[in-house]
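Please treat every number below as a calculation from the coordinates, not as lab data. Since this is a predicted model, take the numbers as computed values, not measurements. Glycine also receives a Cβ, built like all others from the backbone with ideal geometry; neighbour counts cover every protein chain displayed.
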Amino acid sequence: MNLGIKKLDKLILKSFMGPYVVTFFIVLFVFLMQFFWLYMDDLIGKGLSLQLILELMIYMSATLVPMAMPLGILLASIMTFGALGENYELVAIKSSGISLFRFLRPLTLFIIGVVIGMFLFSNYIIPKANLKAYSLLYDMRNKKPTMSIKPGVFNRGLGNFVIRIGSKSEDGSTISDVLIYDHSKGGGNNNVVAAEKGKMYLSNDKRFLVFELNNGWRYEFKKDSEGQYEQQRMFFKKWNKVIDVSSFGFSRTREDLFKSSEEMQDIAMLNKSVDSTYKLIGKDLRELKKSTGYYISLYKKDGDLKDLDAKINAAMKADKPVYSKDLISLFDREQRNDISGKVVNNAQSIQRYLSINATNNEINYTKLNQYNMQWHKKFTYAFACLVLFLIGAPMGAIIRKGGLGLPMVISILFFVVYFILSSTGEKLAKQGKMPALEGMWLATVCLMPIAIIILVQARNDSPVFKKEAYINLWRKIKGIFVKEQAQLK
């Protein structure tokens, strides 16, 4: 019996691994194409090499794994158990006395291993992949468009120069009917170069675009002493024009500039960032007390407000309460003006300190919230794999339909629900309307009861999700109406 159970475990794992690997990579590819569609306008037309594109794809694939893994597991589990149910293998296994929970045990252990692996991946690999991916994407988006000079049009992508060439040979360097407008000195089209033919090429270090022009004219318009423009025309047999294009090259920004972002940190670094933020908040509070305490405390300088203590003590010993208007009446006009001036100045100073502290607090608490959200996200993505498996496996056993048709539809529906709940919770947590703990765990907490209900329904062979049950119910209802109509006749 033990040998048979071991063979059954191998059968289940083997049946699951094929769809699992295929669906995971399909889902990952779809998410990756969605990413490139989103940033397509920022990347096209900049002359990026294939190596850079492939590098970005590898890094972005790693960052998209936490989103692709739960959907891949959900789809694969529905497909696997749907196919086993469709082929009546589940019926045979249950008839031999093996329960659904025992049947799910090998895959559950495997998914728990995936959950652990996903947590480790999210904690150690994802921060590094985010750092590489987003720093590379930043450099790609900020790269200037490539300087592809097309014949017959005015090319305006070379800084202060507008260039038109009539034609270009197949070698890409020999050109004819050349016009170059130099706007580097301002004043509109006051400096123009026209040539019959020439050559165009990049320097060896790719920093300069060189034009070797033949048989042309240089036109310059200058103001004379009376403010009138006069034209200067110079003929040349050969003339070289060099344009600096070093800014069009691709350069990498130092990755250290991106390391402070919460997406680039693991749990240990996030804990350290949280502690540092709390210390910064406490420091700001102490600075506020220290700065405002000077203004709100009652003090007396030598020669200032004579007999202030005696007057206040005498007022406090009176039988009736002493209000501010009674207290201020104890002083003469000069002292009142002095007190009023100090009160106004101190109030303005306190207001400035409070405003600065409020701004700093808002920034610090926003950072603190982002750190906490990222900390919980490393667990929620991993735990979502287990929750969606507990939904997908019993759902496949209930619908008893394999392939990519109905399982794909059901998987997308559940994943859409998961994605909406996850996005909503994350948005509410980001806005501070919900604690980070509740916002980041909203999706998994809401889906867990659904997983338990579906699991119980599958264990009891419930007909709730079976198409045949609804067809039979409709036939019974239809039969009742037909019978009643026959009796009326």
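Here the simple spin-label model places points 7 Å from the Cα toward Cβ, and for LEU38 and LEU437 these points are separated by 3.0 nm. The stretch between ARG459 and ASN87 holds 132.1 nm of extra length on full extension. This uses 0.36 nm per residue minus the Cα-Cα distance.
Cross-linked pairs LYS259/LYS430; LYS6/LYS377; LYS283/LYS377; LYS132/LYS427; LYS14/LYS94: Cα-Cα separations exceed 31 Å for LYS6/LYS377.
Where in region 364-388 does the label zone of SER260 land, with the point 7 angstrom along Cα→C-beta and an amide N cut-off under 16 Å? Residues 364-371 fall inside that zone. Structural descriptor for region 20-127: relative contact order 40 percent, calculated from alpha carbon pairs under 8 angstrom and at least 6 residues apart.
Straightening the chain between SER276 and LYS150 buys 39.9 nm, computed as 0.36 nm per residue apart minus the Cα-Cα spacing. With a Förster radius of 60 Å applied to the C-beta separation of LYS222 and GLN51, the computed FRET efficiency comes to 0.80.
Amide hydrogen proximity for ARG207: with H placed 1.01 Å from N in the peptide plane, no residue at 5 or more positions away or on another chain lies under 5 Å.
Annotation: extensible slack from ILE471 through TYR201 equals 89.7 nm (criterion: 0.36 nm per residue apart, minus Cα-Cα distance). The calculated FRET efficiency for VAL22 paired with LEU179, based on their beta-carbon distance and R0 = 56 Å, is about 0.45.
In this label model, MET234 and SER340 are separated by 7.6 nm, measuring between points 7 Å along each Cα→Cβ vector.
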